[in-house]
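Reviewing the structure listed below.
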Amino acid sequence: LWVVDQAVACCARLQAVHPGVGMAVNVSARNLLDGHFPGQVGDALRRHGLAPALLELEVTESAIMADPARALETLHALSALGVRLSIDDFGTGYSSFAYLNRLPVNALKIDQSFVAAMAADTDMRAIVRSIIEMSHTLGLMVIAEGIETQETLDLLRGMGCDVGQG
């Protein structure tokens, strides 16, 4: 909660020099399963005067699957605040696209283990392409983690990946 509060405060200060720049924060399973967490996030946004759309909370598949019903309730409450939500490290846990369709998330982050191997491995490249296409079909933005080479960046661009990290 302290990290979320500090990120919101920092992002609010950033608006003076870089209007519209958002901040992403990783959220733990503990936060995701805490029924008070959405209210605490809302309080931080109001206290620091930050538009909710400028805050993105990243949750892992495993955090959601720890208690799917409670996690879904928390995610819906956070979404109702206007906060952006993304699934981090996609592909390393238990998720399925059928379940993703029920989550109020805006983006999916492809785990770096898939991205790093895709230039040399045609099977991995096919998996990444499939994740991107299926995510877009569900209306999700796709972020690729772990881009280390120009070749990987070019492949991801060709596949229509929305954002890259690396």
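The values are calculated or read from the model by the stated rules, or taken from the named source; none is laboratory data. Note that the structure is a prediction, hence the values are computed from the model and not measured. Ideal geometry is used to build each Cβ from the backbone, glycine not excepted, and the neighbour counts take in all protein chains shown. What goes into the accessible areas is simple: the full protein's heavy atoms, side chains included, and nothing from ligands, DNA or RNA. Shrake-Rupley method; radii C 1.70, N 1.55, O 1.52, S 1.80 Å.
Worth pointing out:
- Within the range 142-166, restricting attention to residues that are under 19 Å from the mean Cα position of the chain (by Cα), open to solvent by 50 Å² or more (accessible area, probe 1.4 Å) and closer than 15 Å to residue 116 by Cβ, the residue that is modelled with the lowest pLDDT is 166.
- Applying the set (1) open to solvent by 20 Å² or more (accessible area, probe 1.4 Å); (2) at pLDDT 90 or above; (3) hydroxyl-bearing (Ser, Thr, Tyr) to residue 86 leaves exactly one unmet item: (1).
- Scan the range 8-23 for residues that are of a type in the set (Gly, Ala, Ser) and open to solvent by 50 Å² or more (accessible area, probe 1.4 Å) and the total you get is 2.
- Scope the range 28-44; condition open to solvent by 10 Å² or more (accessible area, probe 1.4 Å) and modelled with pLDDT of 95 or more; matching residues: 36, 38, 39, 40, 43
- Residues (in a loop (DSSP other than H, G, I, E, B) and under 12 Å from residue 50 (Cβ atoms)) located in the range 1-15: 15
Residue-by-condition table, conditions (1) at pLDDT 90 or above; (2) small (Gly, Ala, Ser); (3) within 23 Å of residue 162 (Cα to Cα):
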{"site": "49", "(1), (2), (3)": "yes, yes, no"}
{"site": "54", "(1), (2), (3)": "yes, no, yes"}
{"site": "79", "(1), (2), (3)": "yes, yes, yes"}
{"site": "93", "(1), (2), (3)": "no, yes, yes"}
{"site": "102", "(1), (2), (3)": "no, no, yes"}
{"site": "106", "(1), (2), (3)": "yes, no, yes"}
{"site": "121", "(1), (2), (3)": "yes, no, yes"}
{"site": "126", "(1), (2), (3)": "yes, yes, yes"}
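- Test: residue in the range 111-125 that is touching a Ser or Thr at 6+ places or on another chain (Cβ under 6 Å), under 14 Å from residue 64 (Cβ atoms) and not aliphatic (A, V, I, L, M): no
- Residue within the range 109-117 that is within 23 Å of residue 7 (Cβ to Cβ), in contact (Cβ under 8 Å) with a residue 12 or more places away in the chain and surrounded by fewer than 16 Cβ atoms within 10 Å (Cβ to Cβ) present: no
- Scanning the range 49-70 for residues that are of a type outside the set (Ser, Thr, Tyr), more than 23 Å from residue 6 (Cβ to Cβ) and either surrounded by fewer than 18 Cβ atoms within 10 Å (Cβ to Cβ) or in contact (Cβ under 8 Å) with a residue 40 or more places away in the chain (or both) gives 65, 66, 67, 68, 69, 70.
- Pairing residues of the range 1-24 that are within 12 Å of residue 47 (Cα to Cα) with residues that are of a type outside the set (S, T, N, Q) and exposed (fewer than 12 other Cβ atoms within 10 Å of the Cβ), at Cβ distances under 9 Å and at least 6 apart in sequence or on separate chains, gives 12/49.
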